[in-house]
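The values are calculated or read from the model by the stated rules, or taken from the named source; none is laboratory data. Here the structure is a predicted model, which is why all the values come from computation and not from measurement. Using ideal geometry, Cβ is built from the backbone for each residue, glycine included, and neighbour counts are taken over all protein chains shown.
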Amino acid sequence: MSARQIDPDFLSTAEYNGASKLNTRIEIQERFGSNSRCWFHWLFDRLRLPSPCHILELGSGPANLWLDNCGRIPAGWSIVLTDLSPGMLAQARQTLPPPHFTIATVNAQAIPFAAGQFDAVIANGLFDHLPDPQQAFAQIKRVLKPGGHLYSATGGQAHLRELEAMVRPFVPDADYGGASERFGLENGADLLSACFTDVRCYPYDDRLIFREAGPIIAYVLSETDVSRKLLGEQRAAFIRSVEKQLATAGSLHVTMNKGLFTARKP
């Protein structure tokens, strides 16, 4: 993972300034994934929470978790959606009406809410983008009620490894699986155990199966750093390479190495 992927200015003003690039990737994952249970339905299934319940989501983006499960939200849940990107939150405001939701711009390393306020905190794909995830853990522990739950989705180092192998000959520093020193499936339990108890990991079994080049190209170009570097003849050569691999193999399979950590405040 490049240094830009933990740069809050780059993330909020370029990579995640709006929902379109993220939604492109989500739509491709849902369309070409092999798991019969799509990612956001699978995540929601694991929110074992009472009603009433006060929930904080950090790094909510355009609120895909809730949009995909809008008919399943218990009447007694109140949800605070937060993100560092005003563009993401603007999209959420357009699509998610009250009474369940309130929306605020929040830095996960400096959460501005009172101690012991929330029954649960959700962080989907957030901690590997933070310069100091331990600071965020301490903030989350502070705002959770005693016995409150943290749900943290993340990827592993094998995530999208085949896609990375396709791109690397043309963009040598392309990195889709994340750096070993950042928060991920391999080290997440150890990192969370410093602040939380009853830490558990639930893997999500999926892979993308492509039989045409267009969705692969769209996925690759939805990554800001890659699309800025993959230009002109390099881009044309990359497209030819993908088309050749598909013609030879018939289909291309891409690993989705993701999962969910659950943990509890003592």
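At a glance:
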quantity: Test: residue in the range 207-225 that is free of Cβ contacts under 8 Å to residues at least 24 places away in the same chain and within 20 Å of residue 25 (Cα to Cα); calculated: yes
quantity: In the range 143-191, the residues that are within 18 Å of residue 205 (Cα to Cα), assigned to a loop (DSSP other than H, G, I, E, B) and among the hydrophobic types (A, V, I, L, M, F, W, C); calculated: 158, 160, 185
quantity: Residues (of a type in the set (A, V, I, L, M), modelled with pLDDT under 50 and within 15 Å of residue 61 (Cα to Cα)) located in the range 1-42; calculated: 11, 14
quantity: Residues satisfying the stated conditions in the range 20-78, i.e. among the aromatic types (Phe, Trp, Tyr) and either in contact with a strand residue (DSSP E or B) (Cβ under 7 Å, 6 or more places away or on another chain) or more than 29 Å from residue 213 (Cα to Cα) (or both); calculated: 32, 39, 42, 44, 66, 77
quantity: Residue count, the range 73-88 (criterion: part of a helix (DSSP H, G or I) and surrounded by fewer than 22 Cβ atoms within 10 Å (Cβ to Cβ)); calculated: 2
quantity: Breaking point among (1) within 25 Å of residue 221 (Cα to Cα); (2) in a loop (DSSP other than H, G, I, E, B), for residue 108; calculated: (1)
quantity: Test: residue in the range 201-209 that is buried (at least 17 other Cβ atoms within 10 Å of the Cβ), among the hydroxyl-bearing types (Ser, Thr, Tyr) and in contact with a strand residue (DSSP E or B) (Cβ under 8 Å, 6 or more places away or on another chain); calculated: yes
quantity: Whichever residue in the range 119-142 is part of a strand (DSSP E or B) and under 15 Å from the mean Cα position of the chain (by Cα) and, among such residues, is surrounded by the fewest Cβ atoms within 10 Å (Cβ to Cβ); calculated: 124
quantity: Output for the range 214-266, where each listed residue is surrounded by fewer than 18 Cβ atoms within 10 Å (Cβ to Cβ), within 18 Å of the chain's Cα centre (by Cα) and part of a loop (DSSP other than H, G, I, E, B); calculated: none
quantity: Hits in the range 36-66 (condition: without any contact (Cβ under 8 Å) to a residue 60 or more places away in the chain, within 15 Å of the chain's Cα centre (by Cα) and assigned to a helix (DSSP H, G or I)); calculated: 40, 41, 44, 64, 65, 66
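So that you can scan it fast, the table gives a plain yes or no per residue for (1) more than 14 Å from the chain's Cα centre (by Cα); (2) at pLDDT 95 or above; (3) surrounded by 17 or more Cβ atoms within 10 Å (Cβ to Cβ):
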| site | (1), (2), (3) |
| --- | --- |
| 146 | yes, yes, no |
| 149 | yes, yes, yes |
| 166 | yes, yes, yes |
| 175 | yes, no, yes |
| 181 | yes, no, no |
| 190 | yes, yes, no |
